[in-house]
1. If I ask for residues that are open to solvent by 90 Å² or more (accessible area, probe 1.4 Å) and either out of contact with any Phe, Trp or Tyr (no Cβ under 8 Å at 6 or more places or on another chain) or assigned to a loop (DSSP other than H, G, I, E, B) (or both), which ones from segment 71-95 would you list?
2. Going through segment 96-105 one residue at a time, which ones are of a type in the set (A, V, I, L, M) and either surrounded by fewer than 17 Cβ atoms within 10 Å (Cβ to Cβ) or over 11 Å from Leu23 (Cβ atoms) (or both)?
3. Considering segment 113-154 alone, what residues qualify as being hydrophobic (A, V, I, L, M, F, W, C) and in contact with a helix residue (DSSP H, G or I) (Cβ under 6 Å, 6 or more places away or on another chain)?
4. I'd like the residue in segment 45-61 that is of a type in the set (S, T, N, Q) and either open to solvent by less than 70 Å² (accessible area, probe 1.4 Å) or part of a loop (DSSP other than H, G, I, E, B) (or both) and, out of all such residues, is modelled with the highest pLDDT.
5. Being over 16 Å from the mean Cα position of the chain (by Cα) and part of a strand (DSSP E or B), is that true of even one residue in segment 96-114?
6. Among His70, His64, which is free of Cβ contacts under 8 Å to residues at least 40 places away in the same chain, in contact with a helix residue (DSSP H, G or I) (Cβ under 7 Å, 6 or more places away or on another chain) and not hydrophobic (A, V, I, L, M, F, W, C)?
7. Can you tell which of Ala137, Ala146, Ala150, Ala154 is part of a helix (DSSP H, G or I), open to solvent by less than 40 Å² (accessible area, probe 1.4 Å), touching a residue at least 24 places away in the same chain (Cβ under 8 Å) and under 26 Å from Pro203 (Cβ atoms)?
8. Kindly indicate whether Thr24 is closer than 30 Å to Asp205 by Cβ, in contact (Cβ under 8 Å) with a residue 40 or more places away in the chain and buried (at least 17 other Cβ atoms within 10 Å of the Cβ).
Amino acid sequence: MTTITVAGEAESIHTAEVATAHLTVSIDGPDRDVVLSRAGGVHSVVLAGLEVLQSAATPAVASHSSDRVHVTAQRPWNADGAQLDLVYTASAGIRAEFTDIDALSSWLGQVATLDGVEIPSIEWSLTRQTRESARAAAQRDAVAAAIRSAEVYAESLGLATVTAVAIGDAGLLGIEPGPAGQPKLAAAMRSADMSAGGFALRPGDITVSASVHARFEAS
């Protein structure tokens, strides 16, 4: 019997189905109460809009959360090295998970016009069902790739029968995992472009990959 050890890898690319928007409400000014009131007002408007989208008959928002509005203060310096009066900053972070990309585009176009709103990032992902299905498919394809590799090695040695004796995620058979590693998801981020009608979003691509190590006996 001849032992053959191989790696099998597979991947597939899927268009993102879920977008998680991260927003920041931040207002600066010399008066603590004023900046706190202004930031609180914008914060409330954003959250109210998300509540409407989440409670609709066909919800566009799966979930959302936010930090409490808090105030910090600093005393900046001017170009001459003189320390200026206190500047207060009232801010809060908001996170919203959208399952309707068109609704997200429209919402972003609206909130981007609000005073003090910044949109630092949008994360793309798959639904749980799609993610689990894609991962299982990648694992099956990785196993099939390992079998094909073992058969090629066996054929090159003039051997006809190939039997699997061990298989596992990359690294579990005492073999260093290659670049693909264990089953994983990778999101390719795409930016949101501002257009006359608001934000034009292009969903990111999600790469689902799997890598297995396997040992076969051939005769």
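1. We begin by selecting, within segment 71-95, every residue open to solvent by 90 Å² or more (accessible area, probe 1.4 Å); these are 74-75, 77, 79-80, 83, 85.
Selection gives Gln74, Arg75, Trp77, Ala79, Asp80, Asp85.
2. Scanning segment 96-105 gives Ile101, Ala103, Leu104.
3. Once the filter is applied, which keeps residues that are hydrophobic (A, V, I, L, M, F, W, C) and in contact with a helix residue (DSSP H, G or I) (Cβ under 6 Å, 6 or more places away or on another chain), segment 113-154 yields Leu114, Val117.
4. Taking segment 45-61 first, the residues of a type in the set (S, T, N, Q) are 54-55, 58.
If we keep only those that are either open to solvent by less than 70 Å² (accessible area, probe 1.4 Å) or part of a loop (DSSP other than H, G, I, E, B) (or both) too, we end up with 54, 58.
Values: Gln54: 97, Thr58: 94.
Once the filter is applied, the top-ranked residue is Gln54.
5. Kept after step one, since they are over 16 Å from the mean Cα position of the chain (by Cα), are these residues of segment 96-114: 102-103, 105-114.
The next check asks that each one be part of a strand (DSSP E or B); those that pass are none.
Within segment 96-114 (the criterion being over 16 Å from the mean Cα position of the chain (by Cα) and part of a strand (DSSP E or B)), the answer is no, since none of the residues qualifies.
6. Values: His70 fails: in contact with a helix residue (DSSP H, G or I) (Cβ under 7 Å, 6 or more places away or on another chain).
None of the other options fit; the residue is His64.
7. Exactly one residue qualifies, and that residue is Ala137.
8. No; evaluated as a whole, the condition is false for this residue.
The values are calculated or read from the model by the stated rules, or taken from the named source; none is laboratory data. All values derive from a computational prediction rather than experimental measurement. All Cβ positions, glycine included, derive from the backbone under ideal geometry; neighbour counts span all protein chains shown. With ligands, DNA and RNA removed, areas are computed over all heavy atoms of the protein, side chains included. Shrake-Rupley method; radii C 1.70, N 1.55, O 1.52, S 1.80 Å.
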